[in-house]
1. Please list, ordered by first then second residue, the pairs with beta carbon atoms under 9 Å, 6 or more apart or interchain, first in region 330-357 and within 24 Å of residue 48 (Cα to Cα), second at pLDDT below 95 and surrounded by 13 or more Cβ atoms within 10 Å (Cβ to Cβ).
2. What about residue 250, is it modelled with pLDDT of 95 or more, within 14 Å of the ligand (Cβ to nearest atom) and under 18 Å from the mean Cα position of the chain (by Cα)?
3. Identify, from the list 237, 171, the residue that is touching a residue at least 12 places away in the same chain (Cβ under 8 Å) and within 26 Å of residue 372 (Cβ to Cβ).
4. Would you be able to say whether some residue in region 129-140 is touching a residue at least 40 places away in the same chain (Cβ under 8 Å) and in contact with a strand residue (DSSP E or B) (Cβ under 7 Å, 6 or more places away or on another chain)?
5. List every residue pair whose Cβ atoms sit under 8 Å apart, with the two residues 6 or more apart in sequence or on different chains, where the first one lies in region 200-228 and is closer than 22 Å to residue 111 by Cα and free of Cβ contacts under 8 Å to residues at least 12 places away in the same chain and the second, anywhere, is assigned to a loop (DSSP other than H, G, I, E, B) and away from the ligand (no atom under 13 Å from the Cβ).
6. Could you list, in sequence order, all residues of region 36-80 that are under 21 Å from the mean Cα position of the chain (by Cα), near the ligand (Cβ under 8 Å from one of its atoms) and part of a strand (DSSP E or B)?
7. Can you name every one of the helices (runs of 4 or more DSSP H) wholly within region 90-203 that holds 3 or more residues which are within 16 Å of the chain's Cα centre (by Cα) and within 11 Å of the ligand (Cβ to nearest atom)?
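The values are calculated or read from the model by the stated rules, or taken from the named source; none is laboratory data. All values reported here derive from a predicted model rather than from experimental measurement. Glycine also receives a Cβ, built like all others from the backbone with ideal geometry; neighbour counts cover every protein chain displayed.
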Ligand SMILES: NC(=O)c1ccc[n+]([C@@H]2O[C@H](COP(=O)([O-])OP(=O)(O)OC[C@H]3O[C@@H](n4cnc5c(N)ncnc54)[C@H](O)[C@@H]3O)[C@@H](O)[C@H]2O)c1
């Protein structure tokens, strides 16, 4: 074989392998239907099902969920949908182009990696993974693949994010050394935040329990943990993984922040004394190498101040309330001619943005890279809470995750 024919052969073999590995969406045209499968269709999955069905040119053809109730609900909503209790059967389907994952946090890594290995594009709910080593693996796999991956950090598609980036780039905010963020909720006395009732059909017969456990130590079926996985470290990452991740991703995106250099977190289970492990009251401090400190606080027993982010700069202040336009105030001492104003960019539809990118093969608004950076901030904070000490990035990366 000459060098030329060898090169041609290798090229063709590579193309053949690529086509085999990526059968469908790599050849999608603007008018082709995109066939979507979903893994984990509980609360959030049902929201996302509604969103994806609103996107033109998409058909939801399959779903996988370990709980029969969820499969029955999906069948009644989407006639003809194929359902499975094992996500691998869904990923075997040649006519699934793209997959939405909304499973519990401890399953994200498996569903993320398996979806990419099956050659499908991916919409993966936040937080990207349950641990730092898992985040490393998913980020590496996403970089190596040519799949379009959107993380479910929908505030990255907000008009407020675009306006904040622009105002910061245009110098309206000046030097930022400090960012304050918080989120707060409340529930009627006696009703714990996040606690869900267990449906009467949630029995061992109706649940693929070992698939839910996903490698966690085996034990008899526990319906409370299946439904309320959020309350336990083994499956969840507490409110940092549920909510701080959205805000820290938004702040990191606006200011183009690298990974934190250190995290401190204090707090505890102070208001929801119902047997949960993850804290309800939290104060996080994140140090960044660019001389910036970000604080995030959260409470489940007072919601007066709701949730917001404030970027405090030498020349101006940005205040961001979710779903609302960003507000800007100049610091008159450094920017005397500046005027108070509001952002005007429209929110983009995060799901539509993913599908547009599946067609155009461009990078979506919340790529794995912001999923990775925000996940590391979450895990550094949680490690600090568990160790009851400040944790640097290097220390956090050296830790073997435990629950
Ligand atoms: N982006 C957002 O604003 C937002 C909002 C809420 C939740 N979320 C995220 O969505 C994810 C799901 O949260 P939720 O509240 O919908 O939880 P949920 O418990 O209501 O739903 C999870 C579903 O996954 C199923 N499941 C469990 N293990 C599975 C497995 N191995 N394979 C297939 N299915 C499995 C469960 O039966 C359930 O139906 C979480 O990561 C959460 O953080 C994101």
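1. Pairs found: 345/325.
2. Working: modelled with pLDDT of 95 or more: yes; within 14 Å of the ligand (Cβ to nearest atom): yes; under 18 Å from the mean Cα position of the chain (by Cα): yes.
So residue 250 fits the description; yes.
3. Values: 171 fails: within 26 Å of residue 372 (Cβ to Cβ).
Checking each option against the conditions leaves just 237.
4. No - not one qualifying residue is present in region 129-140.
5. Every condition considered, the pairs that remain are 210/218; 213/219.
6. Matches in region 36-80: 39, 64.
7. On the way: elements: 108-117, 132-144, 159-169.
By residue number, 108-117.
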